[in-house]
Structure formats: C-alpha cells, structure tokens
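Q: Take a look at this one; I'll ask things after.
The values are calculated or read from the model by the stated rules, or taken from the named source; none is laboratory data. It should be emphasised that the depicted structure is a prediction, and the values quoted were computed from it without experimental measurement.
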Amino acid sequence: MPTTNTASVTTAMNQPPRDAEPPGSSGSQGMNQGLQVLSYLIAGIGVYGFLGWVGDHFLGTAFLLPLGIVVGAALGIYVVIKRFTAEPGPGAGGGPDGTTTRTRGRV
C-alpha cells in the first residue's frame, strides 16, 4: 500500500500564521486610525456646536447651534479626508520630482 504525505493538523495548529505580526508592531494601526477619525468628527461637532450655542445665547437666535453642528460635521469629514488620503510618493507622478506637470492650451 503506498504511503502518502499528509500534514498533521496539530503541527499546523501549533505553527504561527505566515503573515503574523509580532506583538506591538502595527497590528493596532487600524484601530488607531479609526479612533482618530472618530475623534476628528466628535471634536468638529463639539467645537462648532459649542460656538453655535454661544452665538445663539448672546445673539438671541435659534439657528446657529444646528448650523454649527452641521458645519462641524462637514469640517470634520473634510479633515479626515485630507488627513487619511494617500498622497503619491516621489516618482509616482509624471514629473521629475514625482509631481504631475499640467500645461494650459497648446503645447
């Protein structure tokens, strides 16, 4: 009867995954970025909501608080997009220093 090479399940279970990262390296990078995004959004809403409330209080209006909340959320989203979008590194663009060259009109 021919013998076949079969992998042992216990051997495979005892080995660490091939793509496993050492503890403390960058395994929590996604969690850190998520918390940064959440803090930017909460801070934007809180700061501009507070400014809207102060404006409503001293000016006797009733529209600055909701306006401040909406503006704070929009600015928080803007900051998140600007902060976490990847910028091309050197050599990624068409120019000699990694930037793209744009011309107007005819070349």
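Here's the yes/no breakdown for (1) over 30 Å from residue 39 (Cα atoms); (2) at pLDDT below 95; (3) of a type in the set (Phe, Trp, Tyr); (4) part of a loop (DSSP other than H, G, I, E, B):
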residue	(1), (2), (3), (4)
66	no, no, no, no
70	no, no, no, no
77	no, no, no, no
83	no, yes, no, no
94	yes, yes, no, yes
97	yes, yes, no, yes
100	yes, yes, no, yes
103	yes, yes, no, yes
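Q: Identify, from the list 47, 107, the residue that is hydrophobic (A, V, I, L, M, F, W, C), at pLDDT below 95 and over 16 Å from the mean Cα position of the chain (by Cα). Can you show your working first?
A: Values: 47 fails: at pLDDT below 95.
Step by step, each of 47, 107 is checked, and only 107 is hydrophobic (A, V, I, L, M, F, W, C), at pLDDT below 95 and over 16 Å from the mean Cα position of the chain (by Cα).
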